[in-house]
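Taking it in order: structure first as structure tokens, then the write-up.
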Amino acid sequence: MPARRSGDTWFLAFEPGRQLHDAYRAFCKEQGITAGVVTAGIGMVKDPVLGFYHGKGYDQQRFPGAYELVSTQGNVALLDGQPFTHLHVSIGGPDHVARAGHLFEGEVHVAHEGALRVLQGVDLVRRKDEATQLAGLRW
């Protein structure tokens, strides 16, 4: 996987076939990154699953096929001592309609190019919130 660093930001390129969450998490584990912000990401994804949180859980929808990854944003924190990614995306298909939401699954299709800014001097940690059942940021 090609990766270049400039100051506190890594520019990453993930190969086809990798799940985006898995790729970011593996990179963070390898580099010892415990807190970061995914500031940008473009490319293509295959068969993405997006979610919308309605207050008691997520409605999930799979979009079969290949989609342009118009935008990727999110963060990296620790969950149970391991890097965990929280990503939101915008995707577009051949109909040029944008769809967006919380990314549950997304396989890199053709390529993914992303920017990850490492936060210095802080560990972000996620813990389950009993009220929402979500693993929210706590510090």
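None of the figures in this text is laboratory data; all of them are computed from the coordinates on show. All values derive from a computational prediction rather than experimental measurement. Cβ sites come from the backbone with ideal geometry, for glycine too, and all protein chains shown count toward neighbours.
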Legend entry - At R0 = 41 Å, FRET efficiency that the Cβ-Cβ distance of LEU119 and ASP47 yields, to 0.05: 0.85
Legend entry - Residue among GLY41, GLN19, PRO83 farthest towards the positive dipole end of the chain, charges placed on Cβ: PRO83
Legend entry - Cβ-placed point charges (K, R +1; D, E -1), dipole of segment 3-138 about Cα centre in debye, nearest 20: 280 debye
Inset, instruction - Find, among the trypsin sites (Lys or Arg not before Pro) in segment 1-86, those assigned to loop by DSSP (not H, G, I, E, B) with at most 13 other beta-carbon atoms within 10 angstrom. - result: LYS56
Legend entry - Charge-dipole axis of segment 30-139 as Lys and Arg at +1 and Asp and Glu at -1 on Cβ define it, positive-most pick from GLY55, GLN120, LEU103: GLY55
Inset, instruction - List every residue whose amide H lies under 5 Å from the amide H of ARG18, counting only residues 5 or more places away in sequence or on a different chain, with H placed 1.01 Å from N in the peptide plane. - result: VAL108
Inset, instruction - Give the distance, in whole Å, between the Cα centre of segment 39-73 and the Cα centre of segment 123-139. - result: 22 Å
Legend entry - Burial ranking of peptide ranges 9-17, 31-39 (average Cβ count within 10 Å, highest at the top): 31-39, 9-17
